[in-house]
């Protein structure tokens, strides 16, 4: 038996890679094509960042963060008022949209089911697709015309509408990621619905919710169109005495205004502001990534 | 349904199902259950998949309320009070009748908070440190975790997590503990530990355990209920309680042919 088995001379064949095999060749070519397009997709990002870095960094000095925009042809100055205005309006937007968005998402994921939830979800998706210029016009009609003045409040309101769908969607996703078993455990030891959501589901979902909030903030900080009709722009600092009910500067609108003027000093400032804006977006994205890494589910 | 009536009458019934039918929508999942659960004993529910044993278990602490299409006809009484009366607060029920699930599901909080959470929301005003130590000792977990109470409950091993879930349940000082295949996700050594724990726990608690493992039922249970499935004329599967008796009787001398076949491993 044994000798017969050996004498059969089983040939296992070669295990070496054969690049002439059409199947291997096709795979290699397709990998190459996919890789090339990946590089093409990433090129715009790299060019934008590099260009902003080169153009923007030369105009950056400590004074640009604390000084007011200069008149045409005057050296120096900065965009301190626009930076502060952006921070104020994004904060107003977050203060409105974060509580509403999170509570709406809790309702969608924990309490409602069926048709109503689907309609709300659909409406949220539509809202997230509405161009920000339309949201700006809406806020103009609702707030600016009502109070007869451009204001940081109107700007913040417009931004909150921009942020709302992002927060609702990411929070709902975050809550859905918390396993049903954890809810059952909470209910099983005698917690009611509200206690389960507040003390068990929400804490577990907080990193993912934070991710959504920072993404919404990044989106709002960079938006121009929503502010053009609502906050407008000003050369001056946000006016606290007048309770911010005046035109308010923002980084995005400053870039828009100064980029199209023929004055070199204002153009340089626009580049610097654009650079800072991108840095802010980058920073919020990094924060959201850090928050994501703390996720438990 | 209970045949060894002398034995069961010596102990008081904690839970009593009287003519219970359970529906999911129009589908009658479990029909005509009469069953007494004796105090401070371990009762095992065994039977083939889909016979409704977990469904019935979840009725005892109204966890099925979370399923919108669930409906129960008949009565389940707890020390004489109908659990399904209109004015019964499920929160009060679940506080007295605790649940340990198939998959360990600690809260994504520290081990310490896993124990104290239930006590906190139920208005416990006492020494939390003492409660944590007592409960963890009660679940035979104290020695293993006493130096890492601040660690996340999800960072310990599966077997430890399941004992943490048991500790969390006994921290509420319940009357009854329901266990839904508590060892299904555990390795043999952890299973052994949980089984030893069940033996200790029955001195203070009434325990109902659903298990697919017949050796486990034979090892831990004083009484065993065998649930079976029949196919109705419309071709639907319907669960029912086939036999409920002392564990020895079910495993050594069952009255029903189906029970005999099931416990000897010939179907299911």
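Of the numbered conditions (1) crowded, with 20+ Cβ neighbours inside 10 Å; (2) on the phi < 0 side of the Ramachandran plot, residue A:224 fails exactly one; give the number of that condition.
(1)
From the set of residues in the stretch A:63-81 that are part of a helix (DSSP H, G or I) and within 27 Å of the chain's Cα centre (by Cα), which is surrounded by the fewest Cβ atoms within 10 Å (Cβ to Cβ)?
If we take residues in the stretch A:63-81 being part of a helix (DSSP H, G or I) and within 27 Å of the chain's Cα centre (by Cα), then A:66 is surrounded by the fewest Cβ atoms within 10 Å (Cβ to Cβ).
Name the pairs: first residue in the stretch A:169-180 and modelled with pLDDT of 95 or more, second residue not in a helix (DSSP H, G or I), Cβ to Cβ under 8 Å, at least 6 apart or on different chains?
none
Just checking, which of A:260, A:286 is without any contact (Cβ under 8 Å) to a residue 60 or more places away in the chain, surrounded by fewer than 17 Cβ atoms within 10 Å (Cβ to Cβ) and within 15 Å of the chain's Cα centre (by Cα)?
Every option except A:286 fails the conditions.
So, in the stretch B:42-70, exactly how many residues are crowded, with 20+ Cβ neighbours inside 10 Å, farther than 15 Å from residue B:31 by Cβ and more than 14 Å from every other protein chain (Cβ to nearest Cβ)?
Looking only at that region, the number is 5.
Out of B:123, B:118, report the one residue that is touching a helix residue (DSSP H, G or I) at 6+ places or on another chain (Cβ under 9 Å), farther than 22 Å from residue B:29 by Cβ and modelled with pLDDT under 95.
B:118
For residue B:29, are the conditions met, namely being closer than 24 Å to residue A:113 by Cα and either in contact (Cβ under 8 Å) with a residue 60 or more places away in the chain or more than 14 Å from every other protein chain (Cβ to nearest Cβ) (or both)?
The answer is yes for residue B:29.
Would you point out which residue out of B:80, B:138 is within 30 Å of residue B:38 (Cβ to Cβ) and touching a helix residue (DSSP H, G or I) at 6+ places or on another chain (Cβ under 6 Å)?
Residue meeting the stated conditions: B:138.
Which is within 26 Å of the chain's Cα centre (by Cα), assigned to a helix (DSSP H, G or I) and buried (at least 20 other Cβ atoms within 10 Å of the Cβ), of A:213, A:187, A:137?
Exactly one of A:213, A:187, A:137 is within 26 Å of the chain's Cα centre (by Cα), assigned to a helix (DSSP H, G or I) and buried (at least 20 other Cβ atoms within 10 Å of the Cβ), namely A:213.
Counting only residues that are over 13 Å from the mean Cα position of the chain (by Cα), give me the strands (runs of 3 or more DSSP E) lying completely in the stretch B:161-253 with at least 2 of them.
Passing ranges, in order: B:223-231, B:237-246.
Yes/no matrix, rows are residues, columns are (1) without any contact (Cβ under 8 Å) to a residue 40 or more places away in the chain; (2) under 24 Å from residue B:47 (Cα atoms); (3) out of contact with any helix residue (DSSP H, G or I) (no Cβ under 7 Å at 6 or more places or on another chain):
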site: B:167; (1), (2), (3): no, no, no
site: B:172; (1), (2), (3): no, no, no
site: B:182; (1), (2), (3): no, yes, no
site: B:197; (1), (2), (3): no, yes, no
site: B:202; (1), (2), (3): no, yes, yes
site: B:210; (1), (2), (3): no, yes, no
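If the requirement is being part of a helix (DSSP H, G or I), touching a residue at least 60 places away in the same chain (Cβ under 8 Å) and either within 30 Å of residue A:173 (Cα to Cα) or out of contact with any helix residue (DSSP H, G or I) (no Cβ under 7 Å at 6 or more places or on another chain) (or both), which of these qualifies: A:50, A:84, A:127?
Among A:50, A:84, A:127, only A:84 is part of a helix (DSSP H, G or I), touching a residue at least 60 places away in the same chain (Cβ under 8 Å) and either within 30 Å of residue A:173 (Cα to Cα) or out of contact with any helix residue (DSSP H, G or I) (no Cβ under 7 Å at 6 or more places or on another chain) (or both).
Looking only at the stretch B:71-89, count how many residues are closer than 28 Å to residue A:175 by Cα and more than 14 Å from chain A (Cβ to nearest Cβ).
Adding up the residues that qualify gives 1.
Each row is one residue, and each column tells you yes or no for (1) assigned to a loop (DSSP other than H, G, I, E, B); (2) touching a helix residue (DSSP H, G or I) at 6+ places or on another chain (Cβ under 7 Å); (3) free of Cβ contacts under 8 Å to residues at least 12 places away in the same chain.
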site: A:219; (1), (2), (3): no, yes, no
site: A:226; (1), (2), (3): no, yes, no
site: A:242; (1), (2), (3): yes, no, yes
site: A:249; (1), (2), (3): yes, yes, no
site: A:254; (1), (2), (3): no, yes, no
site: A:265; (1), (2), (3): no, no, no
site: A:280; (1), (2), (3): no, yes, no
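Any idea how many residues of the stretch B:116-138 are closer than 22 Å to residue B:209 by Cβ and within 14 Å of chain A (Cβ to nearest Cβ)?
So the answer is 2.
Suppose we filter A:145, A:164, A:175 for residues that are in a helix (DSSP H, G or I) and closer than 30 Å to residue B:96 by Cβ; which single one remains?
The conditions single out A:175.
Can you tell me which residue within the stretch A:228-240, out of those that are within 22 Å of the chain's Cα centre (by Cα) and either more than 17 Å from residue A:87 (Cβ to Cβ) or not in a loop (DSSP other than H, G, I, E, B) (or both), is modelled with the highest pLDDT?
Per the criteria, the residue is A:228.
If residue A:92 satisfies all but one of (1) in contact with a helix residue (DSSP H, G or I) (Cβ under 6 Å, 6 or more places away or on another chain); (2) within 27 Å of residue A:230 (Cα to Cα); (3) part of a loop (DSSP other than H, G, I, E, B), what's the number of the condition it fails?
(3)
Which one of the conditions (1) surrounded by fewer than 20 Cβ atoms within 10 Å (Cβ to Cβ); (2) closer than 20 Å to residue A:163 by Cβ does residue A:265 fail to meet, given that it meets all the rest?
Among (1) surrounded by fewer than 20 Cβ atoms within 10 Å (Cβ to Cβ); (2) closer than 20 Å to residue A:163 by Cβ, residue A:265 violates only (2).
Only one of these is in contact (Cβ under 8 Å) with a residue 12 or more places away in the chain, away from chain A (no Cβ under 13 Å) and surrounded by fewer than 19 Cβ atoms within 10 Å (Cβ to Cβ): B:156, B:189. Name it.
Among B:156, B:189, only B:189 is in contact (Cβ under 8 Å) with a residue 12 or more places away in the chain, away from chain A (no Cβ under 13 Å) and surrounded by fewer than 19 Cβ atoms within 10 Å (Cβ to Cβ).
Residue A:152: surrounded by 12 or more Cβ atoms within 10 Å (Cβ to Cβ) and over 24 Å from the mean Cα position of the chain (by Cα), yes or no?
No.
Considering the stretch B:90-108 alone, what residues qualify as being more than 7 Å from every other protein chain (Cβ to nearest Cβ), out of contact with any strand residue (DSSP E or B) (no Cβ under 6 Å at 6 or more places or on another chain) and touching a residue at least 40 places away in the same chain (Cβ under 8 Å)?
B:96, B:104, B:106
The values are calculated or read from the model by the stated rules, or taken from the named source; none is laboratory data. Predicted, not measured: the structure shown is a model, and the values here were computed from it. All Cβ positions, even for glycine, are placed from backbone atoms using ideal geometry, and neighbour counts span all protein chains on display.
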